[in-house]
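Just so it is clear, none of the values below were taken in a lab; they were calculated from the coordinates. Just so it is clear, the structure is predicted and the values come from calculations on it, not from any experiment. Here the Cβ is made from the backbone with ideal geometry for all residues, glycine too, and neighbour counts use every protein chain on show.
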Amino acid sequence: MAITELPDYPWDRMAPYAERARRHPQGIVDLSVGSPVDPTPELIRKALAEATDAHAYPATAGSPALREAIAAWYERRRGVPGLTRAHVLPTIGSKELVALLPLLAGIRPGDVVVHPRAAYPTYAVGAAIADATPLASDDPDEWPEGTRLVWLNSPGNPDGRVLDTDALRAAVARGRELGALVVNDECYAELGWEGRWAEESVPSILDPRVTGGEPTGVLSVYSLSKQSNLAGYRAAFIAGDPEVIDRLLTRRKHAGLMLPAPLQAAMVAALGDDAHVAEQRERYRARRGVLKPALEAAGFTIDHSEAGLYLWASEGTDAWRSIDRLADLGILAGPGEFYGEHFPNHVRFSLTATDERIRQAAVRLA
Ligand SMILES: Cc1ncc(COP(=O)(O)O)c(C=O)c1O
């Protein structure tokens, strides 16, 4: 798909269902988008407010304090020791990075960009921007010669699937064989719920058990939008192979893709505090604990979803029938086809609604 052929924004197709859901006497329960609803923590807002004298241009590479905070955070929270300032780079939220990475990394027309079968749509958009060829595949054995970039997303959006260190290692090994950059989008890593992920941390692609200790050809993408309720700030970063980081930095400097200085200060505060992340995780755990059994009792099967911000559910029928039935209950959810052609029966429910709205959803589903 070339960039000129990008479809209309798919969410526009939800408008009639949203309109019907809004007519519910107790109002709409919108579980269709993953936009945080809880307040930005006070300590982050304070750091932002104290950094509003920003007369000079900020460094595209990030301030030394920010780069050090990112490296320290990877060591503390993600089991990745040894990163230096040269291994990390802030981005203006992660969506722009996802969309621009193929272009900025030098992916050329006709090169293959692999992304998950159930996928955040921007991976394919980024391939289109670079006139590359997207391929939806979760199996490293299927990745063809000519693959130059592989997107992984663990925990996944929309399906909440987690890749363990064996799966990550297999992906990195295949990427290195192909000479492809392997990038894991890890923004839901703090939200592990079930099975081993209730106890263990979800692994980073930069974990030494995955990379062998050298991040050659490997990047981790991370966003503070969800774990710190910072979606409106646009606060994210990448880490990994210092040569790739340096190449991206040069291109991003020329393109003016720099994170505003007050935001950099806010990110330092966010990355230095684990308590607000733990609090937010407990909010989502409680919401998930209400919504998941309510969906199951209403006839939905939940697939994967052992981590992350969504419940990936199916009634075994066409997703639009589920969307239609849900709209009558005043509930809005996202159809599986927005995340690739392989899941026509799935519906994505986001946990980003207030406790009161999630309870409303459970009452209506019953
Ligand atoms: C998997 C994944 N990657 C990236 C993003 C973009 O997040 P942001 O641009 O807020 O950092 C999202 C947002 O929902 C996402 O689900």
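For the chain, give the share of DSSP beta bridges that are antiparallel, in percent and rounded to the nearest 5; count only bridges with both residues there.
Values: 20 of 38 bridges.
Beta bridges within the chain, antiparallel portion: roughly 55 percent.
Provide the gained length on full extension for the span ALA366 to HIS254, in nm with one decimal, where the gain is 0.36 nm per separating residue minus the Cα-Cα distance.
Values: separation 112, 0.36 × 112 = 40.32 nm, distance 5.53 nm.
That works out to 34.8 nm of additional length.
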Phi-derived 3J(HN,Hα) across the stretch 199-214 with the Karplus relation (6.51, -1.76, 1.60, θ = phi - 60°), rounded Hz, x for Gly and Pro, is 9, 9, 6, 5, x, 8, 5, 8, 4, x, 5, 8, 8, x, x, 10
Give the long-range amide H neighbours of GLY308: residues separated by 5 or more places, or on another chain, with amide H under 5 Å away, using H modelled in the peptide plane at 1.01 Å from N. LEU191, GLY192, TRP193
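Exposure proxy check: HIS342, HIS55, HIS276 ranked by fewest other beta carbons within 10 Å?
On the way: HIS342 14, HIS55 5, HIS276 19.
Going from least to most buried by this count: HIS55, HIS342, HIS276.
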Taking placed amide H atoms and a strict 5 Å upper bound, the residues 5 or more places from ASN157 or on another chain that come that close are TYR120
Just how many % of Cα pairs in the chain lie over 36 Å apart, if you round to the nearest whole percent? 20
I'd like the distance between the alpha-carbon centres of the stretch 290-328 and the stretch 117-145, rounded to an integer number of Å. 26
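Counting DSSP beta bridges in the stretch 151-263, what percent are antiparallel, to the nearest 5?
Values: 5 of 12 bridges.
Around 40 percent of the beta bridges assigned by DSSP in the stretch 151-263 are antiparallel ones.
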Can you tell me the Rg and the Dmax, both Å, for the Cα atoms in the stretch 171-223? 12.2, 35
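Give, to the nearest whole percent, the P(r) tail of the stretch 153-270 beyond 21 angstrom, counting all Cα pairs.
Details: 3098 of 6903 pairs.
Everything past 21 Å amounts to 45 percent.
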With each pseudo-label sitting 7 Å past Cα toward Cβ, what's the ARG285-ARG321 distance in nm, one decimal? 3.7
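Could you give the length gained by full extension between ALA86 and THR216, i.e. 0.36 nm per residue of separation minus their alpha carbon distance, to one decimal place? Each step should come with its number before you reach the end.
On the way: separation 130, 0.36 × 130 = 46.80 nm, distance 1.32 nm.
Length difference between fully extended and current span is 45.5 nm.
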Sort GLU186, GLU306 by Cβ crowding within 10 Å, fewest neighbours at the top. GLU306, GLU186
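If you look for lysine pairs in the chain that are eight or more places apart or on different chains, how many of them have Cα atoms under 22 Å apart? Don't jump to the answer; show the numbers that get you there.
Working: LYS46/LYS226; LYS95/LYS226; LYS95/LYS253; LYS226/LYS292.
Taking the Cα cut-off of 22 Å, the pair count is 4.
Looking at the chain, do any whole DSSP H helices span at least 18 angstrom along their long axis by alpha carbon and average -1.0 or above on Kyte-Doolittle, and which? It would help to have the intermediate numbers written out before the result.
Working: long enough: 64-78 (20 Å, -0.89); 165-178 (19 Å, -0.19); 242-255 (19 Å, -0.84); 275-297 (34 Å, -0.95).
In the chain, the long hydrophobic H runs are 64-78, 165-178, 242-255, 275-297.
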If the chain between GLU75 and ARG45 were fully stretched, how many nm would it gain, using 0.36 nm times the residue separation less the Cα-Cα distance? 8.3 nm
Euclidean distance of C-alpha centroids, the stretch 173-215 and the stretch 34-77, integer Å: 24
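Determine, from the Cβ-Cβ distance of ASP328 and GLU243 and an R0 of 51 Å, the FRET efficiency 1/(1 + (r/R0)^6), rounded to the nearest 0.05.
0.40
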Enumerate the amide H contacts of VAL29 below 5 Å, restricted to partners 5 or more residues apart or on another chain; note that Pro and chain-start residues carry no placed amide H. ILE331, LEU332
